[in-house]
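Comments concern the structure below.
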Amino acid sequence: MAGERTLDGESRIQYRDYMASIENSATELATAVRKHRGIENGQHWGLDVALRQDHWRISKGSAPENLDLLRYIAVNAVKQEKVKSCG
């Protein structure tokens, strides 16, 4: 699958390979890819924006994996919370 993007006046074509069980349907494949990217973007928004995941520079031992696990737990706990707003 190819996509073209223009940045600072320079156009580039990016190619991506996908493996799927969809046969001979570019429309179905494109729809599946867009849905997958939407899910990925939605899940990572909370980590990247709300918890500023990209700004952390922890790299020793198992600390990165442990901190990631705690972040996922925090995001999932907030998503599951059913609180009525006042107003």
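Tabulated results
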| quantity | calculated |
| --- | --- |
| Extension gain from E28 to Q80, taking 0.36 nm per residue of separation minus the Cα-Cα distance | 15.6 nm |
| Distance between modelled label sites at L47 and I73, nm, 7 Å Cα→Cβ extension | 1.6 |
| Relative counts (whole %) of C-alpha pair distances in segment 2-80, using bins that are 5 Å wide | 3, 11, 15, 14, 13, 15, 15, 11, 3, 0 |
| Net charge contributed by nearby residues that have their C-beta within less than 9 Å of I13 (K/R +1, D/E -1) | +1 |
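All of the numbers you see were taken from the coordinates with simple rules; none came from a lab. Small disclaimer: the values here were computed from a predicted structure and weren't measured. Counting neighbours? That spans all protein chains shown, and the Cβs are built from the backbone with ideal geometry, glycine included.
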